[in-house]
1. Test each condition in (1) at pLDDT 95 or above; (2) over 23 Å from Leu51 (Cα atoms); (3) open to solvent by less than 70 Å² (accessible area, probe 1.4 Å); (4) not basic (Lys, Arg) for Ala202 and report the one that comes out false.
2. Considering segment 170-195 alone, what residues qualify as being surrounded by 13 or more Cβ atoms within 10 Å (Cβ to Cβ) and without any contact (Cβ under 8 Å) to a residue 12 or more places away in the chain?
3. Inside segment 116-133, can you point out the residues that are without any contact (Cβ under 8 Å) to a residue 60 or more places away in the chain, surrounded by fewer than 23 Cβ atoms within 10 Å (Cβ to Cβ) and part of a loop (DSSP other than H, G, I, E, B)?
4. Conditions: (1) assigned to a helix (DSSP H, G or I); (2) touching a residue at least 60 places away in the same chain (Cβ under 8 Å); (3) aromatic (Phe, Trp, Tyr); (4) open to solvent by less than 20 Å² (accessible area, probe 1.4 Å). Tyr149 meets all but one. Number of the miss?
5. Would you call Ser112 open to solvent by less than 50 Å² (accessible area, probe 1.4 Å) and under 13 Å from Cys84 (Cα atoms)?
6. Please work out which residue is least open to solvent (accessible area, probe 1.4 Å), limiting yourself to segment 75-94 and to residues that are in a loop (DSSP other than H, G, I, E, B) and polar (S, T, N, Q).
Amino acid sequence: MFRKNPSLLARYVAYAAMLFIVSAPVVAGDAPADKAAAEAKARDYFSNVELVDQNGRSVKFYDEVLKDNIVVISFIFTNCQSACPLMTRNLTMIRDMMREDERRAIQFVSISIDPLRDTPSAMKEFAQKHDADIDGWLWLTGQPDDVNYVTKRLGSFTEDPEAHTTTLLAANVPNAHWTKIPPNVPPNGVVARLRLLVEENAAP
C-alpha cells in the first residue's frame with residue numbers, strides 16, 4: 001500500500017512521530033521538573049511558529065493554542081464546497097450538545113490547509129457563514145511555510161486541499177493524551193470522547 005502511495009507513508013510516519021513524542025501522560029504526581037521537561041519537549045515538537053486567527057491576531061502555536069488546553073482540531077479550506085461545511089456544521093452541533101462547562105473547557109481549532117488563498121478575512125467569513133465565529137473557536141491560517149509546518153507536525157499535511165483529511169484530532173494537551181476521531185463517528189460519539197478528555201482534569 002505504501003509503495004503505491006508514498007504520500008500516505010509520509011503522513012503515517014509524521015503522525016506516528018507525533019504520537020511517540022507526546023505518548024507519555026503527565027499525571028498529577030509527576031515532579032515539576034518532569035512536567036517542565038515534557039512541556040519543553042512538546043513545545044519543541046509542535047513549535048511556536050506564529051499563525052494568524054480569523055481576527056488577524058498572531059498566535060504562537062504551542063504556547064497560545066495547545067499549551068494547557070483540551071483541543072479538538074479540524075482541517076479545512078474555505079473554497080471547499082462539501083466536506084468542510086459539513087464537518088463545521090457537525091462540530092457546531094457537537095459543541096451545542098455539550099454542557100456549558102465542557103464547552104468552556106475545550107478549545108476548538110480549525111486550521112487552513114490552503115493558506116495561499118485562506119486569508120484571515122476569508123477564514124472569518126467562512127466561520128460566520130457556518131455560525132462558528134465564536135469565543136473558544138480559533139480559525140488559523142498564516143504564512144504557507146508556517147501553516148505547512150504545523151500541519152505536518154499534526155500528521156495532516158496535504159499538497160492537494162481537495163484530498164485533505166476529515167479526521168479530527170482531539171487532545172488533553174497537559175496529559176499528552178492525543179486521539180484521532182474518524183469522520184464516521186456520530187456526533188454523540190464525538191461528544192463522549194471529548195467528555196472523557198475533559199474529565200481527565202477533574203479532581204480525583
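1. (1)
2. Listed by number, the residues that qualify are Val185, Gly189.
3. Selection gives Leu116, Arg117, Thr119, His130, Asp131, Ala132.
4. With respect to (1) assigned to a helix (DSSP H, G or I); (2) touching a residue at least 60 places away in the same chain (Cβ under 8 Å); (3) aromatic (Phe, Trp, Tyr); (4) open to solvent by less than 20 Å² (accessible area, probe 1.4 Å), Tyr149 is out only on (4).
5. yes
6. The residue in question is Thr78.
The values are calculated or read from the model by the stated rules, or taken from the named source; none is laboratory data. Here the structure is a predicted model, which means the values were calculated and not measured. Positions of Cβ are generated from backbone atoms using ideal geometry, with glycine treated the same way; all protein chains shown enter the neighbour counts. Accessible surface is based on the protein model in full, side chains and every heavy atom, while ligands, DNA and RNA are left aside. Shrake-Rupley method; radii C 1.70, N 1.55, O 1.52, S 1.80 Å.
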